[in-house]
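As structure tokens, the structure follows; a few thoughts come after it.
The values are calculated or read from the model by the stated rules, or taken from the named source; none is laboratory data. As the structure is a prediction and not an experimental result, all values here were calculated from the model. For neighbour counting, all protein chains shown are included, and Cβ atoms are generated from backbone atoms with ideal geometry for every residue, glycine included. Ligands, DNA and RNA are stripped out before the accessible areas are found, and what is left, the full protein with its side chains, is counted by its heavy atoms. Shrake-Rupley method; radii C 1.70, N 1.55, O 1.52, S 1.80 Å.
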Amino acid sequence: MNHTAPIAHDLFGISWFDVNLANLFMVAVSSAIVFILSVIASRKLQMRPTGLQNFMEWIVEFVKGIISDTMDWKTGKIFLPLGLTLITYILVSNLLGVATVGVIGHDLWWKSPTADATLTLTLSGMVILLTHFYGIKIQGMKHYLKGYVSPAPIMLPFKIIEEFTNTLTLGLRLFGNIYAGEVLLGLLVGLAGSNALGFLGAALPMLAWQGFSVFIGGIQAFVFTMLTMVYLSHKVSSDH
């Protein structure tokens, strides 16, 4: 895949402020899709849900189950909107680059935004910051800070390191799985476009890998949301 990223260099005259325009575009596309689907699913609510409303209600119950498995529902119910946003946004983002890619000139504009480590690490960083915020809000500053030196003060450096490793593993796990899938799809597309024999040899593996990529995209959305709730439970639950 000999494609380049459309980069805006020195944005606003700041020498180090370079922005990947494709990332901004795909983030906007993912957000718009999630917003539109949510509005359509909730426009005409029925007692007996059908179609998209039925699917969205299943997602709500699924996220409720994730939260209930990681913490007390009385404490965790405030995280339902966060869980719903994460799982739908990440799922949509993971799947955008499965069916096709969009190239203008030599610049790759259409891809899965989660195939870029910048986005996934930003998401994981925001999640970790939220865990600290809610930990302090729910437990109080004194009790929250006490958790860093429990059961012994020697645990302090290890728990600080854990915060950084949680951020890295949460973001890089998502990035690695989606990026690897898109790289392989790109190789298969290149093989299929080389000649007739290449098309015949790549067509079936490409279809199989696209199906598998949909499965991986769903699994990674679930894993990211599950780990987010696990990290939150460690901060807000009194028994941790």
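One table, with the values for the structure above:
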read-out	value
Residues within the stretch 216-240 that are closer than 15 Å to residue 184 by Cα and of a type in the set (Phe, Trp, Tyr), tallied	0
Flag if residue 32 is surrounded by 19 or more Cβ atoms within 10 Å (Cβ to Cβ) and out of contact with any helix residue (DSSP H, G or I) (no Cβ under 7 Å at 6 or more places or on another chain)	no
The one condition in (1) of a type in the set (Phe, Trp, Tyr); (2) open to solvent by 80 Å² or more (accessible area, probe 1.4 Å); (3) assigned to a helix (DSSP H, G or I) that residue 79 fails to fulfil	(2)
Helices (runs of 4 or more DSSP H) contained entirely in the stretch 132-240, each with at least 3 residues that are touching a helix residue (DSSP H, G or I) at 6+ places or on another chain (Cβ under 8 Å) and open to solvent by less than 50 Å² (accessible area, probe 1.4 Å)	156-192, 196-236
Among the residues listed as 54, 23, the single one being of a type outside the set (A, V, I, L, M, F, W, C), over 25 Å from residue 179 (Cβ atoms) and in a helix (DSSP H, G or I)	54
Selected residue [in contact (Cβ under 8 Å) with a residue 12 or more places away in the chain, more than 22 Å from residue 222 (Cα to Cα) and not small (Gly, Ala, Ser)] from 59, 67, 40	40
Only listed residue being at pLDDT below 85 and closer than 27 Å to residue 76 by Cα, chosen from 52, 37, 21	52
